[in-house]
Amino acid sequence: MSDGGSLRQTALVELHRGLGARLIEFGGWEMPVQYRGIIEEHRAVRSAAGLFDLSHMGELWIAGPGAGDGLAGAIVTDPRTLALGRAQYSMICAPDGGIIDDLIVYRTGPEQCIDYEGAFAPAELQARCSLLATPARMYEPVPMLPPMITGWPTSR
């Protein structure tokens with residue numbers, strides 16, 4: 001629950017309701033968990049496309065010289081190998097190897113990435129990146145439109 005006792009809502013909650021989503025509490029947010037059924041949804045995503053609303057997730061921009069180096073040292077994949085405009089599923093781990101949170105990282109420029117993660121990871125990611133020798137800046141942007149990730153059966 002949020003501080004006011006009610007669930008936070010994304011900009012798309014009414015669209016989810018209108019499409020018949022079953023909404024649940026997830027990390028203080030009212031989120032869709034299912035529409036018509038898991039089997040039907042699985043088949044739809046495998047044969048057509050899927051869409052995932054990221055607007056409930058934390059957003060962190062990493063920009064400047066060494067941005068890719070700093071992020072690569074903090075997560076388990078290497079965003080420097082991504083083509084510009086591509087995204088990758090990854091995770092941030094504790095020093096003992098335990099998973100702190102999963103995340104999606106986008107390479108948006110030669111020295112710029114955007115990272116979307118759960119509620120607790122942004123501070124951890126900032127702390128881990130700040131330990132590395134990089135002049136890259138990390139900041140949370142002003143939200144404008146709800147971010148989304150799409151997937152097609154042929155996507156990589």
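Taken together, the values in this text are just the output of simple stated rules run on the coordinates, not laboratory data. These numbers come from a predicted model, not from an experiment. Glycine gets a Cβ as well: all are built from the backbone with ideal geometry, and neighbour counts include every protein chain shown.
Quick look at the numbers
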{"quantity": "Viscosity 0.890 mPa s, temperature 25 °C, Stokes-Einstein D of segment 69-114 from Kirkwood C-alpha radius, µm²/s", "calculated": "228 µm²/s"}
{"quantity": "Values of log10 I(q)/I(0), in the order q = 0.34 Å⁻¹, for segment 8-49 under a Debye, Cα-only, solvent-free model", "calculated": "-1.07"}
{"quantity": "Positive dipole terminus of segment 1-76, leading residue within A49, L23, I75 (C-beta point charges)", "calculated": "A49"}
